[in-house]
Amino acid sequence: MVYIVGSRPVLTFNPNLEKIFTTESLTMTCNVRSPASSDLSYIWYKDGTKIHTGQNFVIRFARRDNKNSGNYQCEGTNTGRSDPARLDVSHDWVILQAPLYVHEGDNVTLRCHHYPNYSSRRTIFYKDNSVINNWEYSSDLHIENINLKKYHLFKCTKEVYRELFTPPEIKVTPFPVTEGDNVTVTCHTNVSPYRPDTELQFVFYRDGQIVQRFSSSDQYGVQSAQLEDSGKYYCEVRTISGKIVKRSKELNIKINELFTPPEIKVTPFPVTEGDNVTVTCHTNVSPYRPDTELQFVFYRDGQIIQRFSSSDQYGVQSAQLEDSGTYYCEVRTISGKIVKRSKELNVKINEPFTEPEIIMISNAIQEGDNQTLTCQTKLSPFIPSTDLQFAFYRDGWNVQKYSLSHQYRVQSAKFEDSGNYLCHVRSSTKSITKRKLFTTPEIKVTPFPITEGDNVTVTCHTNVSPYRPDTELQFVFYRDNQILQPFSSSDQYGVQSAQLEDSGKYYCDVKKIGGKIVKRSKDWNIKINGK
């Protein structure tokens, strides 16, 4: 093992400062230029007195009795003693700190340092007793390219004070915040232990607007947080006198959705009469609360069709035209604190084919005539390839079973062939059967003809399907396109002591209660004859 005998170690400080305050710490290191410095032993001296062994000497929490101030040296095995390095430990309010070693050409930073655990402001640097810098907050002075030929005396001053309370900080619980949470926003500060009885007041802001005015409470609560409670929050703290006011930094608080706004989805789409339809109220639950239980309710045209339940689907078996409408849904938490509504979706049930009509070649039939009744309907463009089957009835009795023929022929008509005929149409691929729910209305008037002064009854006549005898209908009456009698359950409109001005073109509309189908009669020209 070879040593460089006689080389002198270099003593360094960390931090690299020649002056510190009591309560601060510093580490000294004995640096020896040797290829095997780890095998060396070290001796430390203070003011010439041996004090320590080891490569490093640590001063923790420097003492105020100045026992740590002095000239320090170190030496290693077979080395000389280092040059002395001066450390000053101060208990003053302000010290000017410089690096332990400064060489010509160095860029040096001088630090105007105040006693720990106090606050300061307005640092002033002097060079040769003249002010060279006057800063409100910066404590450093930078000097470039040190010139040893020029000697200057530097010093500094600053205002040192102990904070009555620390700058406040916004804290939020819980975090992150999810929609519906009860949130507490705290304006946190520490009061000086020298003034523990200091009374403070707190004010809270969101996006620059006051949400809670000055009070003794350091907390602001949000019950069942909503998305609109998101924003930039900050607070201010002041003394009762208002002489000292401090503001926190802003904290951006985002309220995460517990679940997304619902969306109505329909399958299949488009929908044809007879389809089995599923209406889904789709939403996504927050990944922060995956176990959230939700309830769903479904509406059509503003009326509830399925009350709140855990099912997000509403089913329509063999959809009919009256199932058409504007659908939407709502989703809520079990507690009901959060409710969200979907946008409306207009669902139209398309007819695979129109309601059938009986067409006759001639209405005037003589005994022995041949007559052909045609069951007329039109296919929907949504299913143009559907095969239809037709059946014919007379006075409710089947006279021709379902077949592909849309015609019924009466050969050599007899009196017993008289009656009310109707036809049914059905799809060969779907369980859909089309029957007239009610016939096209017809205006009938009694008495006829009418003379001025007569009491007149106008009837809106229609026949309800024998398969739906309990169907409730509503009727409306018009004269010259003006409503005379709004929709009601009465199929009659009465004119007491008819006058000439009651003359006009009369017609009526019929619809099923709550239904979508409206049928209109032909016009009937009613003339009131003078006496």
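Every read-out reported here was derived from the displayed coordinates using simple, explicitly stated rules and does not represent laboratory data. Predicted model only: the values in this text are computed from it and were never measured. All Cβ positions, glycine included, derive from the backbone under ideal geometry; neighbour counts span all protein chains shown.
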Going by how many other Cβ atoms sit within 10 Å of their own, how do Glu344, Glu501, Glu75 line up, fewest first?
-> Glu501, Glu344, Glu75
Applying the gyration tensor rule to the Cα atoms of the range 263-349 (axes a ≥ b ≥ c; rounded if a/c under 1.5, else prolate if a/b exceeds b/c, else oblate), the class is prolate
Tell me, Ser311, Ser138, Ser230 in order of fewest to most beta-carbon neighbours within 10 Å?
-> Ser138, Ser311, Ser230
Rounded to two decimals, what is Rg over Rh for the chain when you use alpha-carbon atoms and the Kirkwood radius?
-> 1.42
With 28 Å as the limit, write out which pairs from Lys232/Lys337; Lys401/Lys436; Lys254/Lys337 have Cα-Cα distances beyond it, or answer none.
-> none
³J(HN,Hα) across the range 40-55 via Karplus (A = 6.51, B = -1.76, C = 1.60, θ = phi - 60°), whole Hz, x for Gly/Pro?
-> 7, 10, 10, 10, 10, 10, 10, 6, x, 9, 5, 10, 6, 10, x, 5
Protection proxy ranking, peptides 241-247, 215-221, average beta carbon neighbours within 10 Å, highest first | 215-221, 241-247
Can you list the aspartates and glutamates whose alpha carbon is less than 19 Å from that of Lys505, not counting same-chain residues fewer than 8 positions off?
-> Glu442, Glu452, Asp454, Asp480, Asp491, Asp523
Simple spin-label model, 7 Å along Cα-to-Cβ: Ser216 to Lys149 in nm?
-> 7.1
Above-threshold pairs, the threshold being 29 Å between Cα atoms, out of Lys19/Lys50; Lys378/Lys512; Lys414/Lys527 | Lys414/Lys527
Ordered by fewest other Cβ atoms within 10 Å, a rough proxy for footprinting exposure, Asp207, Asp88 read Asp207, Asp88
With N residues in the range 442-529, Rg(alpha-carbon) / (2.2 N^0.38 Å) equals 1.13
5 angstrom amide H check on Ser503, placed H, neighbours 5+ away = Ile528
Going out from 0 in 10 Å bins, what whole percent of all Cα-Cα distances in the range 103-154 drops into each bin?
-> 22, 49, 24, 6
HN-Hα J in Hz across the range 407-419 - Karplus 6.51, -1.76, 1.60, θ = phi - 60°, x for Gly and Pro | 10, 10, 9, 9, 8, 6, 3, 10, 4, 6, 7, 5, x
What is the diffusion coefficient of the range 373-531 in µm²/s, taking the Kirkwood radius over Cα pairs and the Stokes-Einstein relation at 10 °C with a viscosity of 1.306 mPa s?
-> 87
Prolate/oblate/rounded label for the range 165-276 (Cα gyration tensor, a/c 1.5) | prolate
Taking max minus min of the Cα coordinates of the range 10-161 on each principal axis, largest first, gives extents in Å of 51, 36, 23
Excluding residues on the same chain fewer than 8 positions from Lys171, give the aspartates and glutamates whose Cα lies under 14 Å from its Cα.
-> Asp218, Glu236, Glu250
